[in-house]
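Input: a single structure, listed below in structure tokens.
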Amino acid sequence: MNIQLNGQPKEVADNITITALLESMELYGRRIAVEVNEELVTRSQFGSHQLKENDVIEIVQAIGGG
Amino acid sequence: MTDKLTIAGKQYNSRLLVGTGKYKDMDETQQAIETSGAEIITIAVRRTNMGQDANAANILDILPPDKYTILPNTAGCYDVKTAVRTLKLARELLDGHNLCKLEVLGDEKTLFPDVMQTLKAAEELVKDGFDIMVYTNDDPIMAREFEQMGCVAVMPLAAPIGSGLGIRNKLNIMTIVENANVPVLVDAGVGTASDAAQAMELGCDGVLMNTAIAAAQKPVMMASAMKKAIQAGREAYLAGRMPAKRFASASSPVDGLFFS
């Protein structure tokens, strides 16, 4: 199925969990935060939250800023 | 001297708060921030770059949350929704840490705050349990509104973000300070050490700056200068300056002159 990941289209396995998505990107366990369709998904939900077709995912991190 | 800055119930020794943007590299960032003595440092929240080296240093690796109080900002947000989303993500990133800097911008050229949107965002975020340090205009009435709404600190601009123009309206900053029951920190527009000292002499509780250090020819040296300026300005404020007078007043006694 297709999702939008940080502004880019991406093809992933059907019903993939956020944990599996992050693992495939070598981001699991890193200091990041995730939004699905403009709603925060907390870390404790990563394993159970399954993505759906056309979900819009944002993965963010801290960077230098003033 | 037991002159601490208290924000949202936590005490700090340093009254200089610094941003972490615009530095040449992570090494310079770390050195400048260390030298500044700042205990509260701002960060921004941005998309993880998918193509990047997974082992590349992250800002929070070199400036760890157990050593610094991390102040996530909403830079780049022009409406309530994006500001609220940004801070919810930041709270998650920082393991439930509630202290943050709210800025909702109104215009790309000036980066002046959109105070109407900022008010709405502040109201929503305070209700959601955030401790908001709010970036606003040098407007005493808005400062009062934010304080009454429950913001933990009010941060009027000295001048536009990144402009280095120094304090454009000293009288308004003084009025904001005199009226406030929460810390007032000048945020944005400081250019050099004397600007920072001036903010403190006006009675501000602290100063938040980024570009004044990062865009100096020698950022680490400027970080040191700013640290001293903040301390000097604070001490001058606490010491109470002499009244300015138009004409001279001799420093040596007139009595006892041996000539006439």
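The values are calculated or read from the model by the stated rules, or taken from the named source; none is laboratory data. Because the structure is a prediction, the values reported are computed rather than measured. Ideal geometry is used to build each Cβ from the backbone, glycine not excepted, and the neighbour counts take in all protein chains shown.
Results for (1) modelled with pLDDT under 95; (2) assigned to a helix (DSSP H, G or I); (3) among the basic types (Lys, Arg), shown as yes or no for each residue.
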residue: B:Lys67; (1), (2), (3): no, no, yes
residue: B:Ala75; (1), (2), (3): no, no, no
residue: B:Arg85; (1), (2), (3): no, yes, yes
residue: B:Arg91; (1), (2), (3): no, yes, yes
residue: B:Cys100; (1), (2), (3): no, no, no
- Query: In segment A:49-66, what count of residues is obtained for those that are assigned to a loop (DSSP other than H, G, I, E, B) and either within 12 Å of chain B (Cβ to nearest Cβ) or in contact with a Ser or Thr (Cβ under 7 Å, 6 or more places away or on another chain) (or both)?
  - Reply: 3
- Mind checking which residues of segment B:184-200 are buried (at least 21 other Cβ atoms within 10 Å of the Cβ) and either in contact (Cβ under 8 Å) with a residue 40 or more places away in the chain or not small (Gly, Ala, Ser) (or both)? B:Val184, B:Leu185, B:Val186, B:Asp187, B:Ala188, B:Val190, B:Asp195, B:Ala196, B:Gln198, B:Ala199, B:Met200
- Exception for A:Ile18 within (1) within 12 Å of chain B (Cβ to nearest Cβ); (2) more than 16 Å from B:Arg91 (Cβ to Cβ); (3) buried (at least 19 other Cβ atoms within 10 Å of the Cβ); (4) modelled with pLDDT of 95 or more falls at (1)
- Using the structure shown, decide if B:Ala44 is part of a loop (DSSP other than H, G, I, E, B) and among the aliphatic types (A, V, I, L, M). no
- Residue check for B:Ile62: surrounded by fewer than 18 Cβ atoms within 10 Å (Cβ to Cβ), in contact (Cβ under 8 Å) with a residue 24 or more places away in the chain, among the β-branched types (Val, Ile, Thr) and within 28 Å of B:Lys227 (Cβ to Cβ): yes
- Subset of segment B:205-218, residues buried (at least 24 other Cβ atoms within 10 Å of the Cβ) and either of a type in the set (Asp, Glu) or without any contact (Cβ under 8 Å) to a residue 60 or more places away in the chain (or both), comes to B:Ala212
- Given (1) under 23 Å from A:Glu58 (Cβ atoms); (2) out of contact with any Leu (no Cβ under 7 Å at 6 or more places or on another chain); (3) more than 14 Å from chain A (Cβ to nearest Cβ), index of the condition B:Glu39 fails: (1)
- Query: Do we have any residue at all in segment B:18-26 that's in contact with a His (Cβ under 9 Å, 6 or more places away or on another chain), closer than 26 Å to A:Gln8 by Cβ and within 10 Å of chain A (Cβ to nearest Cβ)?
  - Reply: no
- Condition check for B:Val126: touching a strand residue (DSSP E or B) at 6+ places or on another chain (Cβ under 7 Å) and over 20 Å from A:Val60 (Cα atoms): yes
- Query: Of all the residues that make up segment B:211-241, how many are closer than 10 Å to B:Ala32 by Cβ and among the polar types (S, T, N, Q)?
  - Reply: 1
- Item | Entirely in segment B:122-241, the helices (runs of 4 or more DSSP H) that have 2 or more residues that are within 13 Å of B:Arg15 (Cβ to Cβ) | B:193-201, B:219-239
